[in-house]
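Encoded as structure tokens, the structure appears first; notes follow it.
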Amino acid sequence: MATLAPQSASATAVHEEVLDNGLRVLIQEVHTAPLASVWCWYRVGSRDEGPGLTGVSHWCEHMNFKGTTNIPRDKVKGIIEQYGGYWNGYTWVDQTTYTETATRDALDHMLFIEAERMASCLYDPADCESERTVIISELQGGENDPDQLLDQELTATAIQAHPYRHPTIGWLSDLQTMTREDLYGYYRRFYLPNNATLVMVGDIDTDAALKSAARQFAAIPSGEIRRPVHTREPEQLGERRVTIRREGTTAYLKLGYHAPAIGDPDFFPMLLLDAMLSGAKGINMWASFRTPPPQRSARLYQALVNTGLASAVGGALMPTQDPFVYTVSVTATEGVPLARVEEATLAALEIVRRQGLTAQELRKAKNQLRARLVFENDSITNIAHQLGYFETINSWRFVGSIAQRVEAVTLNEVAEVAERRLTPSNRTIGWFDPLS
Amino acid sequence: MRTTTHAGLAPVRDVLANGVRVVAKESRTTPAVTIHATVYAGTICDPPSQPGVAHFISRTVDRGTMTRSVDEIAEELDSRGVSLSTSVNRHALSLVSTCLVEDFDSILSLVADIVRHPVFPEGEVETRRREIITTIRQDEDNPASVATEALMEILYGSAHPYGRRPRGTTDTVETITRSTLQAFHGTWFVPGALCLVIVGDVEPERAVDAAARTFGSWRGAEPPEITLPVPEPGRQRRVRVIPMMNKVQADVAYGFVSILRSDPAYYAYWLMNNILGQYSIGGRLGDSIRERQGMAYYVFSSLDANVIPGPLVIRAGINPANVERAIASIDAELSRFAAEGPTDRELAESKQYLIGSMPRTLETNIGIANFLQTVEFFSLGLDYDLRVPGLLQAVTREDVHAGAQAVLDPQRAVIAVAGPYDGPLR
């Protein structure tokens with residue numbers, strides 16, 4: 001058992017327990033609303049997919065909502081809803097996760113659903129087929145968005161060896177050919193208690209919640225996790241470019257730089273660098289769906305939007321287990337050539353690289369991140385998300401140290417990271433250049 | 001006059017002498033405060049010949065005041081890590097800010113300054129104009145926006161404030177000048193049109209006092225009355241196809257004119273919409289089109305009963321090869337609903353869900369603030385959160401069935417399809 005200091009008076013410390021089968025359970029009491037949130041996390045994501053099977057993690061996530069041995073297909077809907085609840089799931093490079101938030105009296109039902117999901121999903125062949133077209137529709141809906149299309153192409157160009165290079169939704173031909181056996185085999189391989197973290201947060205009692213979790217999960221046997229070897233991304237030797245030429249109305253520029261993994265000492269200086277370049281976003285991928293408005297005193301906003309060259313600019317540094325890509329995304333103002341937008345963006349970054357940033361900018365970025373860390377803990381769903389997210393890519397203890405790590409970053413560290421990482425040979429430049 | 005209730009959410013409401021409405025609710029979940037300032041100056045207030053003014057205001061109002069330059073505003077917000085977002089819909093323009101409790105007084109003063117004294121600097125107006133035009137061009141390349149805007153235009157007519165494009169067109173935006181913005185602000189940004197909701201770690205009395213301090217000296221005329229034409233109910237099915245052959249997936253927007261928010265049948269319609277296209281993943285429509293037929297990643301319906309009969313809209317993203325089949329499935333689900341009504345079980349489940357989801361809706365400061373703004377806009381009463389369960393419980397199967405019969409008629413539907421599809425549906 002270990003504890004993490006509570007963030008507020010209405011919350012207790014985090015309680016950690018590992019069941020005999022290896023399932024890690026994290027519980028935090030937060031008594032602000034009569035609600036409970038459960039997240040069940042698996043260390044499986046698109047990083048674990050090989051050729052021919054891209055998209056399998058995400059497709060499994062969809063299949064894991066389609067009935068289990070003890071929850072018939074037509075009874076999946078309604079269990080959580082009857083407690084006014086909400087359920088969902090997502091898959092990304094390092095993780096697949098499932099969540100329910102509902103009134104606190106639904107806790108046992110949520111745990112029952114998650115235990116069933118871990119051990120007893122059906123993968124009915126007809127359901128696998130019908131979901132194939134749903135997922136292809138999800139992929140095609142994404143491709144309707146030029147920015148998303150460019151993001152996918154940029155990632156695949158910037159990363160050449162590591163499996164982070166392929167999109168989590170998968171490549172179309174794999175989605176067309178994957179079989180029920182591929183899906184079910186993958187499910188059995190990774191959905192094991194010793195590959196999972198169960199998080200419970202809310203108006204609950206720690207001892208009772210732990211007993212409930214043991215009752216639901218203890219009988220699920222652990223197994224050997226056969227994880228593929230991950231190729232390490234070799235050093236990039238020169239600038240790369242990718243251009244999409246398609247009909248469209250608007251031009252987009254995207255820069256991708258090889259980024260530090262969460263465990264790399266560069267991560268927090270890079271997070272501060274991003275905040276100074278494009279405004280702080282916080283560090284909760286779930287809460288950040290509520291995108292904050294741009295922070296207009298940030299360097300790139302000043303250089304690109306306030307000069308009229310771009311209508312929007314944003315940066316994205318994601319916490320990941322292995323090095324991923326830091327992206328800067330720019331929407332060109334109608335009528336401004338992409339080459340000019342690119343030139344101005346690179347010039348603004350080069351100034352930062354050569355001259356560094358000011359102590360005042362660093363102070364401001366720290367204040368922004370400090371506020372974001374408070375704002376993104378506004379719901380039990382968000383609090384629970386953070387514990388599971390960081391446990392999956394590193395350790396849940398990380399969550400309690402984020403504020404301190406942000407505060408500890410020095411101007412020299414930021415300057416050094418900018419100088420070393422924002423180089424031409426570390427970047428890929430992507431254009432969506434519309435054919436009119 | 002200060003009023004409150006003593007159970008449930010129990011916000012404190014006050015109307016300042018100048019007509020500004022203030023609603024405050026204390027919540028100690030985080031050491032933060034959400035300031036939600038809504039001015040009833042939405043896109044329905046646009047001059048008929050110049051759609052896009054209210055949206056233009058939303059992009060420029062926070063770009064300089066009589067005493068603060070655009071950079072000073074940015075600095076004041078950014079140095080504290082405060083988010084300030086402006087948005088506009090048909091009826092209201094909102095400034096929403098979340099700040100740490102220690103910054104509450106400063107940020108409320110800033111919000112008041114922005115609402116009361118914007119100057120719309122010439123240079124900012126020009127820069128933001130180019131941004132807005134870029135956004136409009138992005139919308140024109142987005143099948144979801146194109147389908148939805150076409151649907152609204154057919155349902156309400158291109159001259160109706162609900163039927164116009166809320167951001168205007170590239171042509172109308174070119175005609176908007178600094179003085180257009182100043183005139184709009186002078187007319188519509190008046191004390192009687194402002195509702196200020198404050199939710200967070202601050203005592204309601206202190207919040208109301210702070211509101212009086214920052215907005216109390218504001219003077220202005222009553223906002224003008226706008227009479228919105230009541231739309232004619234559709235008499236026949238109307239279909240518009242907008243081919244966008246550069247896209248991969250087609251977006252369908254399928255809808256009707258529904259009812260007034262103040263109609264006693266509203267709660268039956270709310271439940272009808274939940275059963276039809278919301279409950280769990282997309283209600284009956286989700287069951288049929290996503291779960292059973294695998295035709296779409298998303299399909300759902302939404303109900304916007306308003307101060308005039310607002311739209312009930314079904315939306316779906318569909319592979320172009322399946323457009324006709326998906327629309328036929330929507331037709332079939334609507335016909336079945338109109339013929340048979342909901343089952344007892346569906347009705348009970350949707351009631352239970354909507355009532356049970358109230359604590360979740362009201363968990364966060366922003367959730368509470370949005371709820372209180374809705375309560376104020378439709379004059380639902382300070383105890384509305386306590387009355388919702390009873391209002392929903394009172395709805396019978398026959399009430400929902402009557403609603404379905406009145407509105408869910410495929411022969412009177414308006415359908416817009418945008419994407420890589422050019423027929424044969426017409």
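The values are calculated or read from the model by the stated rules, or taken from the named source; none is laboratory data. As the structure is a computational prediction, the values presented were derived from the model and not from experiment. No Cβ is skipped: glycine too gets one built from the backbone with ideal geometry, and neighbour counts run over all protein chains shown.
So, of the residues in the stretch A:80-97 that are of a type in the set (Ser, Thr, Tyr) and surrounded by fewer than 22 Cβ atoms within 10 Å (Cβ to Cβ), which turns out to be modelled with the lowest pLDDT?
Quick first cut of the stretch A:80-97, residues of a type in the set (Ser, Thr, Tyr) only: A:83, A:86, A:90-91, A:96-97.
Cutting the leftovers down to surrounded by fewer than 22 Cβ atoms within 10 Å (Cβ to Cβ) gives us A:86, A:90.
Details: A:Tyr86: 92, A:Tyr90: 97.
Out of the qualifying residues, it is A:Tyr86.
I need a count of the residues in the stretch A:168-185 that are of a type outside the set (A, V, I, L, M), more than 15 Å from A:Asp124 (Cα to Cα) and touching a residue at least 12 places away in the same chain (Cβ under 8 Å).
Initial filter on the stretch A:168-185 (of a type outside the set (A, V, I, L, M)): A:168, A:170-171, A:173-174, A:176-177, A:179-182, A:184-185.
Within this subset, residues satisfying the condition of being more than 15 Å from A:Asp124 (Cα to Cα) are A:168, A:170-171, A:173-174, A:176-177.
Applying the additional criterion that residues be touching a residue at least 12 places away in the same chain (Cβ under 8 Å) yields A:168, A:170-171, A:174, A:176-177.
Residues meeting the conditions: 6.
Please indicate, with yes or no, whether at least one residue in the stretch A:33-49 is within 14 Å of chain B (Cβ to nearest Cβ), over 24 Å from the mean Cα position of the chain (by Cα), assigned to a loop (DSSP other than H, G, I, E, B) and free of Cβ contacts under 8 Å to residues at least 60 places away in the same chain.
Within the stretch A:33-49 (the criterion being within 14 Å of chain B (Cβ to nearest Cβ), over 24 Å from the mean Cα position of the chain (by Cα), assigned to a loop (DSSP other than H, G, I, E, B) and free of Cβ contacts under 8 Å to residues at least 60 places away in the same chain), the answer is no, since none of the residues qualifies.
Can you tell me which residue in the stretch A:226-245 is farthest from the other protein chains (Cβ to nearest Cβ), limited to those that are exposed (fewer than 14 other Cβ atoms within 10 Å of the Cβ) and in contact with a strand residue (DSSP E or B) (Cβ under 7 Å, 6 or more places away or on another chain)?
Result: A:Glu239.
Grab the strands (runs of 3 or more DSSP E) fully contained in the stretch B:1-114, keeping just those with 1 or more residues being of a type in the set (Gly, Ala, Ser) and within 14 Å of another protein chain (Cβ to nearest Cβ).
On the way: elements: B:2-4, B:12-15, B:21-26, B:32-39, B:83-88, B:93-100.
Here the list reads B:32-39, B:83-88, B:93-100.
For the subset of the stretch B:115-136 comprising residues that are more than 13 Å from every other protein chain (Cβ to nearest Cβ) and within 21 Å of B:Pro166 (Cβ to Cβ), which member is surrounded by the most Cβ atoms within 10 Å (Cβ to Cβ)? I'd like the intermediate steps shown before the answer.
So the first thing to find is which residues in the stretch B:115-136 are more than 13 Å from every other protein chain (Cβ to nearest Cβ), and the list is B:115-120, B:122.
Within this subset, residues satisfying the condition of being within 21 Å of B:Pro166 (Cβ to Cβ) are B:115, B:118, B:120.
Numbers: B:Val115: 24, B:Pro118: 22, B:Phe120: 22.
Looking at residues that are more than 13 Å from every other protein chain (Cβ to nearest Cβ) and within 21 Å of B:Pro166 (Cβ to Cβ), I get B:Val115.
Could you list, in sequence order, all residues of the stretch A:187-211 that are crowded, with 20+ Cβ neighbours inside 10 Å and either more than 22 Å from A:Tyr389 (Cα to Cα) or hydroxyl-bearing (Ser, Thr, Tyr) (or both)?
A:Tyr187, A:Tyr191, A:Thr197, listed by residue number.
Could you tell me whether the stretch B:292-300 includes any residue that is without any contact (Cβ under 8 Å) to a residue 60 or more places away in the chain and closer than 30 Å to B:Val230 by Cβ?
The initial filter retains those residues of the stretch B:292-300 that are without any contact (Cβ under 8 Å) to a residue 60 or more places away in the chain, namely B:292-300.
If we keep only those that are closer than 30 Å to B:Val230 by Cβ too, we end up with B:299-300.
So far as the stretch B:292-300 goes, yes, one or more of its residues are without any contact (Cβ under 8 Å) to a residue 60 or more places away in the chain and closer than 30 Å to B:Val230 by Cβ.
Within the stretch B:284-300, track down each residue that is under 13 Å from B:Ala328 (Cβ atoms) and more than 26 Å from the chain's Cα centre (by Cα). Walk me through how you get there before you give the answer.
Taking the stretch B:284-300 and keeping what is under 13 Å from B:Ala328 (Cβ atoms), we get B:285, B:288-289, B:293, B:295.
Residues satisfying the conditions are B:Ser288, B:Ile289, B:Gln293, B:Met295.
Out of everything in the stretch B:154-180 that is without any contact (Cβ under 8 Å) to a residue 12 or more places away in the chain and under 22 Å from B:His91 (Cβ atoms), what residue ends up being surrounded by the fewest Cβ atoms within 10 Å (Cβ to Cβ)?
B:Ser158
Just checking: which of the helices (runs of 4 or more DSSP H) contained wholly in the stretch B:351-407 hold 3 or more residues that are more than 21 Å from B:Pro264 (Cα to Cα) and either among the small types (Gly, Ala, Ser) or within 14 Å of chain A (Cβ to nearest Cβ) (or both)?
Working: elements: B:358-361, B:365-377, B:384-393, B:397-407.
Once the helices (runs of 4 or more DSSP H) in the stretch B:351-407 are filtered for at least 3 residues that are more than 21 Å from B:Pro264 (Cα to Cα) and either among the small types (Gly, Ala, Ser) or within 14 Å of chain A (Cβ to nearest Cβ) (or both), what remains is B:358-361, B:365-377.
Which pairs do you get when a residue that is modelled with pLDDT under 95, found in the stretch B:411-426, comes within reach of a residue that is hydrophobic (A, V, I, L, M, F, W, C) and part of a helix (DSSP H, G or I), reach meaning Cβ atoms under 8 angstrom, with the pair 6+ apart or on two chains?
Short answer, once both residue conditions are applied: B:Leu425/B:Val323; B:Leu425/B:Ile327.
Only one of A:Glu138, A:Glu153, A:Glu143 is modelled with pLDDT of 95 or more, in the same structural domain as A:Asp182 (by TED's automatic domain parsing), of a type outside the set (A, V, I, L, M) and more than 20 Å from A:Arg188 (Cβ to Cβ). Can you tell me which? Break it down stepwise before answering.
On the way: A:Glu138 fails: modelled with pLDDT of 95 or more; A:Glu143 fails: modelled with pLDDT of 95 or more.
Unique residue meeting the criteria: A:Glu153.
Within the stretch A:98-120, identify whether any single residue is surrounded by fewer than 21 Cβ atoms within 10 Å (Cβ to Cβ) and farther than 24 Å from B:Tyr353 by Cα, and answer yes or no.
yes
Considering only the stretch B:312-321, I want to know if a residue exists there that is crowded, with 23+ Cβ neighbours inside 10 Å, within 14 Å of chain A (Cβ to nearest Cβ) and part of a helix (DSSP H, G or I).
no
This table checks each residue for (1) closer than 27 Å to B:Phe377 by Cα; (2) surrounded by 21 or more Cβ atoms within 10 Å (Cβ to Cβ).
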{"site": "B:His55", "(1), (2)": "yes, yes"}
{"site": "B:Val61", "(1), (2)": "yes, yes"}
{"site": "B:Ser69", "(1), (2)": "no, no"}
{"site": "B:Ser83", "(1), (2)": "yes, yes"}
{"site": "B:Val96", "(1), (2)": "yes, yes"}
{"site": "B:Asp105", "(1), (2)": "yes, no"}
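Based on this model, can you work out whether B:Leu386 counts as in contact (Cβ under 8 Å) with a residue 24 or more places away in the chain and in contact with a helix residue (DSSP H, G or I) (Cβ under 6 Å, 6 or more places away or on another chain)?
Details: in contact (Cβ under 8 Å) with a residue 24 or more places away in the chain: yes; in contact with a helix residue (DSSP H, G or I) (Cβ under 6 Å, 6 or more places away or on another chain): no.
So B:Leu386 does not fit the description; no.
Here's the yes/no breakdown for (1) away from chain B (no Cβ under 14 Å); (2) under 22 Å from A:Thr249 (Cβ atoms); (3) touching a helix residue (DSSP H, G or I) at 6+ places or on another chain (Cβ under 6 Å):
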| position | (1), (2), (3) |
| --- | --- |
| A:Leu300 | no, no, yes |
| A:Thr307 | no, yes, no |
| A:Ala348 | yes, no, yes |
| A:Val374 | no, no, no |
| A:Ile393 | yes, no, no |
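Only one of A:Gly263, A:Gly256, A:Gly282 is touching a strand residue (DSSP E or B) at 6+ places or on another chain (Cβ under 6 Å), outside any helix (DSSP H, G or I) and closer than 30 Å to A:Ser297 by Cα. Can you tell me which?
On the way: A:Gly263 fails: touching a strand residue (DSSP E or B) at 6+ places or on another chain (Cβ under 6 Å); A:Gly282 fails: touching a strand residue (DSSP E or B) at 6+ places or on another chain (Cβ under 6 Å).
It is A:Gly256.
For A:Asp145, state whether it is buried (at least 20 other Cβ atoms within 10 Å of the Cβ) and among the acidic types (Asp, Glu).
Working: buried (at least 20 other Cβ atoms within 10 Å of the Cβ): no; among the acidic types (Asp, Glu): yes.
It is false that A:Asp145 is buried (at least 20 other Cβ atoms within 10 Å of the Cβ) and among the acidic types (Asp, Glu).
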